[in-house]
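The values are calculated or read from the model by the stated rules, or taken from the named source; none is laboratory data. As the structure is a prediction and not an experimental result, all values here were calculated from the model. Counting neighbours? That spans all protein chains shown, and the Cβs are built from the backbone with ideal geometry, glycine included. In case anyone asks, the SASA skips ligands and DNA or RNA and just uses the protein heavy atoms, side chains included. Shrake-Rupley method; radii C 1.70, N 1.55, O 1.52, S 1.80 Å.
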Amino acid sequence: MQCARVSNGYQVSTDVSAAPAGSTLSFTRTPHTKQHTASFHPFRFRPRSPTFFSLSVRFLLPRVCGARGSRAVDSCITALCERPNPALQVAYVVLVTGGFAVYWTSLFSLLPNPWVDEGHILTGSASVIASLALFLAASLSDPGTVRPHPPADLAAWHRLYPLDGAIFPAKQCPTCHLMRPARSKHCRVCNRCVARHDHHCQWINNCVGFNNLRIFLAFLVANVAMCGYGTVLAVLILGGEMERRSMFSVRWINYRTGEVRPLWKTPRKLVEWLVVFHPVGVAMTLFMAVATLLLTFFLSYQIYLLLIGRTQYEVFKWREFHHALLEMAEQQAEAEAEAEEKQAAEKQAAATASRPDVAVTAVRNSEGGSRREAHGGKDGCWRRLWGLLSCSGGQGGDGARSGQRRRVRLTKLVLPQNIYHRGFWANTWEVLLPEVYFQRARAAVVRGNAVGMAASLSGSCGSGTCSGGDFGGRESKPVRQGSEVKGTTMEKKKR
């Protein structure tokens, strides 16, 4: 059974009957034609629709800036997004050190006060130093580069993460010239294959993968702790400064009503006083509060990925895989609906051929449906104008129209099981102790190679065709002769 339809200028055809059991859907683009053919083999990414940014770069910039300006913009985008670039690393160091300097001059200079003592200067400085140290470690760490040599290491990667046949089919990296293990990805920025690739972080100018995910998580935790601690400490410092100036005992008078109220019962007045007398401290407090929220959300997302046993790269892969399955199910449902309608039309044609009065009634109903459609009925041109139905040549009534997209109801799709999810604690230990898991896999590979070599040698020697057995047979006789000669000389010495 074949199904073909036109969607967004592309013709999609599916051969449902030729699909093997357990196969999935992928889309490949035919060169020089706007045609996508759906074939059943392991999952590949579908072509994505162009974004507004790509369209503007492709069409708008050459017309506004000319060829030279467009080339300059492309060079900037390539240097910033597709090549190793330390710009955000420098920005992070400047942001942390400059923020700490501003914090020192605007907030630490107010210590001690009735609420906070001077000891917090040391703890605040320690948090900044810890964040910078973890930033340096994450920037210089190896994310888990997959190399073709030695072969035992590559086999260990394949044993640790076998292919699942769904989102990770067998694939060879054309750049690194190796069979890519599952959960790995070739980073075009770093130009290397990274095991259990999570994402490429521009802030550390490095990939986050198998070896350095624990360092990256520690870096996130340190930054969350630094920003959260700085926010709470800034609030306490400003509150202590207000206590030192006796602002909580001040009363203000509303001259219109004559009401006398304490100042602390009107938070708006307290905020106005802080903005007037400590504007930099208030700005630092708000900035660190927003940074704490953003970093907390990102850290929570990373913990959630540990909970479900996926990486950021795998989340996108599973999403694309789900969309491909949905599109395949839609095409199959449409093909079945077309077959049912065709059978119903054939039955109706046979019935009308046998009974002429039924044929006249069917023709009148068809003409009435065409008139209602022309006058803007339920399925008229107003709905078709918005793309719900096709306006190309209707046949009237509720029959099949050429180019009409049927609305089919799909059952819930069941995705394949994630074989890399071993439970939250097992996933956590794998992140915290990656060397242990890799060494276990490597030892298993070496042990398996040794057992296989021994089995092959024993099998060949048992058949009497191996050279090792002949060699051993030739060497066994001189050894026995040597032992006999040595035994006779020892007996002579005793005599």
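Hydrodynamic analysis of the stretch 119-234 uses the Kirkwood radius over alpha carbon pairs. Inserted into Stokes-Einstein at 20 °C and 1.002 mPa s, it gives a translational diffusion coefficient of 135 µm²/s. Cα centroids of the stretch 305-357 and the stretch 248-297: 60 Å apart. Per residue, the convex hull around the alpha carbon atoms of the stretch 166-216 comes to 74 Å³. Of Phe219, Phe297, Phe424, the order by accessible heavy-atom surface (1.4 Å probe, DNA, RNA and ligands excluded), from most exposed downward, is Phe297, Phe424, Phe219. Val232 exposes around 90 Å² of accessible area when a 1.4 Å probe is run over every protein chain in place. Ordered by solvent-accessible area of protein heavy atoms (1.4 Å probe), largest first, the residues Asp142, Asp153 come out as Asp142, Asp153. When its C-alpha radius of gyration is set against 2.2 N^0.38 Å (N residues), the stretch 206-265 gives a value of 2.15. Assuming charge only on the beta carbon of Lys and Arg (+1) and of Asp and Glu (-1), the dipole of the stretch 213-357 about its Cα centre is about 1640 debye to the nearest 20.
Of the listed residues Glu243, Glu314, the order by accessible area with a 1.4 Å probe, largest first, is Glu243, Glu314. Counting 0.36 nm for each residue step from His149 to Val189 and taking away their Cα separation leaves a gain of 12.2 nm. Per-residue SASA remark: Ile129, around 110 Å² accessible (1.4 Å probe; ligands, DNA and RNA not included). Less than 5 angstrom separates the built amide H of Asn206 from those of Cys201, all sequence-distant by 5 or more or on a different chain.
The simple spin-label model puts a point 7 Å past each Cα toward its Cβ; for Ala289 and Phe248 those points are separated by 1.9 nm. Over the stretch 222-364, the pair-distance histogram of Cα-Cα distances with 5 Å bins from zero comes to 2, 7, 9, 9, 7, 7, 6, 5, 5, 5, 5, 4, 5, 4, 4, 4, 4, 4, 3, 1, 0 percent, rounded to whole numbers. Counting only protein heavy atoms and using a 1.4 Å probe, the accessible area of Phe100 comes to about 60 Å². Derived value for the stretch 80-140: Kirkwood hydrodynamic radius 13.4 Å. Basis is the mean of 1/r over every pair of different alpha-carbon atoms. The Ala137 and Gln348 beta-carbon pair, evaluated with R₀ = 60 Å, returns a calculated FRET efficiency of approximately 0.20. Seen from Ala443, the other residues with C-beta closer than 13 Å to its C-beta sum to a net charge of +2, counting Lys and Arg as +1 and Asp and Glu as -1. For the stretch 98-244, the dipole from Cβ point charges (+1 on Lys and Arg, -1 on Asp and Glu) about the Cα centre works out to 1020 debye, to the nearest 20.
The alpha-carbon atoms of the stretch 146-298 define a convex hull whose volume equals 168 cubic angstrom per residue.
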